[in-house]
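Heads up: the structure comes next, in structure tokens.
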Amino acid sequence: MSETKIIKADITELDVDAIVSAANAALCGGGGVDGAIHRAAGPFLLEECRQLGGCKPGFAKITGGHNLKCWHIIHAVGPVWYGGHKGEEDLLRSCYRESLKLASAHSAKSIAFPAISCGAYRFPVELACKIAVEEVHKWLSQDDSIDVVYFVCFDSKIKQQYLNAIGEQ
Ligand code: AR6
């Protein structure tokens, strides 16, 4: 039986099989959670990312965990929020599904997500948390290879939005 957990943490410190990064299409590192992951994982992560040929929004690619405790880093490219009429919601849903598909294909039993697109990409946090919770729950209802999915919050505002979204399930 799989479960979801909402935790306040720095995702780079987690002892899980896979962590997800909120990356950009070039997969070249950046700020926010992506920058934190690259700093903590070390320079060979960027070298591995450079071999991947980028990644389109709504999709994800996987690398090793390098200096982190996790086995895998899943680099998901979320949508930039342009007001909601450019397919942003579908792209964010796709990010969660594609990340879970990769985690499952690599036999990851525990996976941690940051709030993809909720920082520099300006996606409305309430809607993003609802999408994250819905897509993860949908996935877990048809895939019992994953034991636990963590929703990692960096601040209390996001934590409250995840709690609200889970309450509505
Ligand atoms: N652990 C967990 N969550 C974190 C951490 C951390 N160490 N650091 C930040 N967050 P963002 P995006 C939260 O901006 O909106 C980068 O430059 C943060 O509080 O990292 O998808 C990429 O290279 C926020 O809630 O990602 C892209 O260019 C969430 O992570 C672009 O930013 C996501 O914020 C992607 O923007």
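Candidates Lys86, Lys69: the one that is touching a residue at least 24 places away in the same chain (Cβ under 8 Å), in a loop (DSSP other than H, G, I, E, B) and among the basic types (Lys, Arg) is Lys69. Of the residues screened, Pro79 is one that is of a type outside the set (Val, Ile, Thr) and either near the ligand (Cβ under 9 Å from one of its atoms) or on the phi > 0 side of the Ramachandran plot (or both). Taking every residue in region 123-151 that is under 19 Å from Tyr82 (Cβ atoms) and within 15 Å of the ligand (Cβ to nearest atom) and pairing it with any residue that is open to solvent by 50 Å² or more (accessible area, probe 1.4 Å) and modelled with pLDDT under 95, at least 6 positions away or on another chain, the pairs with Cβ-Cβ distances below 7 Å are Val125/Lys157. Consider Gly31 carefully, then state whether it is open to solvent by 50 Å² or more (accessible area, probe 1.4 Å) and in contact (Cβ under 8 Å) with a residue 60 or more places away in the chain. Criteria met by Gly31.
Residue count for region 22-34 satisfying the condition of being touching a His at 6+ places or on another chain (Cβ under 7 Å), more than 8 Å from the ligand (Cβ to nearest atom) and either at pLDDT below 95 or within 21 Å of Ala132 (Cα to Cα) (or both): 0.
When the residues of region 152-164 are filtered to those that are within 14 Å of the ligand (Cβ to nearest atom) and in a helix (DSSP H, G or I), the one that is most open to solvent (accessible area, probe 1.4 Å) is Lys157.
Considering Gly54, Gly42, the condition of being open to solvent by less than 30 Å² (accessible area, probe 1.4 Å), within 14 Å of the ligand (Cβ to nearest atom) and at pLDDT 95 or above is satisfied by Gly54 alone. In region 81-113, of all residues being open to solvent by 40 Å² or more (accessible area, probe 1.4 Å) and aromatic (Phe, Trp, Tyr), the one that is farthest from the chain's Cα centre (by Cα) corresponds to Tyr82.
Among the residues of region 1-20, is there at least one that is of a type in the set (Val, Ile, Thr), in a helix (DSSP H, G or I) and either free of Cβ contacts under 8 Å to residues at least 60 places away in the same chain or more than 14 Å from the ligand (Cβ to nearest atom) (or both)? Yes: region 1-20 contains one or more residues that are of a type in the set (Val, Ile, Thr), in a helix (DSSP H, G or I) and either free of Cβ contacts under 8 Å to residues at least 60 places away in the same chain or more than 14 Å from the ligand (Cβ to nearest atom) (or both).
The values are calculated or read from the model by the stated rules, or taken from the named source; none is laboratory data. Quantities reported herein were computed from a predicted structural model and do not represent experimental measurements. Note: ideal-geometry Cβ built from the backbone for every residue, glycine included; neighbour counts use all protein chains shown. Please note that ligands, DNA and RNA were not included when accessible areas were found on the heavy atoms of the full protein model with its side chains. Shrake-Rupley method; radii C 1.70, N 1.55, O 1.52, S 1.80 Å.
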